[in-house]
Amino acid sequence: MAYPLGHLVAVGGAEDKGTDLEKGIVQRNRLNFFELGILKNIVSLIGEEDPRVEVVTTASSIPDEVADNYRDAFQKLGCTNVGHMRIRNREDAALPENLERLRACNCIMFSGGNQLRLSSNFGGTEFLDILKERYAHGDLLIAGTSAGAMAMSNTMIYEGNAAIAHLKGEVKITTGLGLIQNVIIDTHFDKRGRFNRLAQAVAAQPGAIGIGLGEDTGVIVSEGHSLKAIGSGSVIIIDGKNIEYNNIADISFGKPISVENIIVHIMSGGDTYNLQTRCFEGAEIEVDEED
């Protein structure tokens, strides 16, 4: 099997990009987590002295403000060659200028917002074909936060109220961009209480592994299957391979689901997980010595 040579970085979100920024409340100092933590990981993975970074704000309803935030954050880390790909529809995605910029950049960053805007505007396009080809050959780093992370997988949650996510039919699933296979990614996982949402998605497709990303937290995906947790929070892995009783196919819509024997792992910064073997591999533990 040929593994992709590039890296994906999926981030659970830092601030509430889906609310504050989408409502137009722009606070330029709210990307400190990117400046000081996760964005440094992204820049170091690119491996270029002054990389060409393209920020794609298709998911956002306020693209210019969001792009300015990312441009400022990248520039504070020494990246001066940062562009904004203001793609609002499928016609924009097909523009020769945007395809050429995609071919020329070292890193592409998908912002948060609404993940359906990503799947509906890029699905089946030449833009997505080029993105996948460059990722497979290892000459493009792809990063995404919030909606930009959720759209990376082949199976994508696009709607689901956390308060009623234990009821059949309340978690809506469609096809994402397909950059990583056999996973379902959910974001803002802790803050918005989305365990039941991801668990229902896995119960419906036990062959997929659920990845719940907390805020200020993410995973680096290497070779398409090796995850490494980064950031200050937790990454939750939900594995349905050993599910025994599962009533999701038999109950009516709106009824509570029952699922037996779901496996859950909790990862923190530095821990690793292998999607292929479904094994938690952990990290070396540093023991604090008392004086």
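No lab work stands behind these numbers, since they all come straight from the coordinates. The model shown is predicted, which means the values in this text are computed figures rather than measured ones. We place every Cβ from the backbone using ideal geometry, glycine too, and count neighbours over all the protein chains shown.
Mean residue ellipticity, 222 nm, helices only, the chain: the sum of -39500 (n - 2.57) across DSSP H runs of n ≥ 4, divided by residue count and rounded to 500, is -6500 deg cm²/dmol. Here the Karplus relation 6.51 cos²θ - 1.76 cosθ + 1.60, evaluated at θ = phi - 60°, turns the backbone of region 252-262 into coupling constants of 7, 4, x, 8, x, 7, 10, 9, 9, 6, 6 Hz, with x for every Gly and Pro. In this structure the amide hydrogen of Glu159, modeled in the peptide plane, comes within under 5 Å of the amide hydrogens of Lys172, none closer than 5 places in sequence on its chain.
Counting DSSP beta bridges in the chain, what percent are antiparallel, to the nearest 5? That works out to approximately 60 percent antiparallel.
Once backbone amide H atoms are built at 1.01 Å from N, Val55 has Gly83, His84, Met85, Met109 as its partners under 5 Å, excluding neighbours fewer than 5 places away on the same chain. Cα centroids of region 211-235 and region 52-84: 22 Å apart. Exceedance of the 32 Å cut-off in Cα-Cα distance is limited, within the set Lys76/Lys228; Lys40/Lys132; Lys191/Lys228; Lys40/Lys168; Lys132/Lys255; Lys76/Lys241, to Lys40/Lys168; Lys132/Lys255; Lys76/Lys241. Assuming R0 = 22 Å, what is the FRET efficiency of Arg88 and Glu126, from their Cβ-Cβ distance, to the nearest 0.05? After rounding, the FRET efficiency stands at 0.80.
By the count of neighbouring beta-carbon atoms within 10 Å, fewest first, Val53, Val82 end up ordered Val82, Val53. Above 22 Å, the calculated P(r) of region 107-218 contains 29 percent of its Cα-Cα pairs. By the Kirkwood approach, averaging reciprocal distances over each pair of separate Cα atoms, the chain gets a hydrodynamic radius of 19.2 Å. With loop membership from DSSP and a limit of 11 other Cβ atoms within 10 Å, the longest segment of the chain without GluC sites (Glu not before Pro) is 50-243.
Distance from the Cα centroid of region 117-183 to that of region 240-285 is 20 Å (rounded to whole angstrom). The longest stretch of the chain left intact once loop-based chymotrypsin sites (Phe, Trp or Tyr not before Pro) with at most 10 other Cβ atoms within 10 Å are removed from consideration, loops following DSSP, is 1-244.
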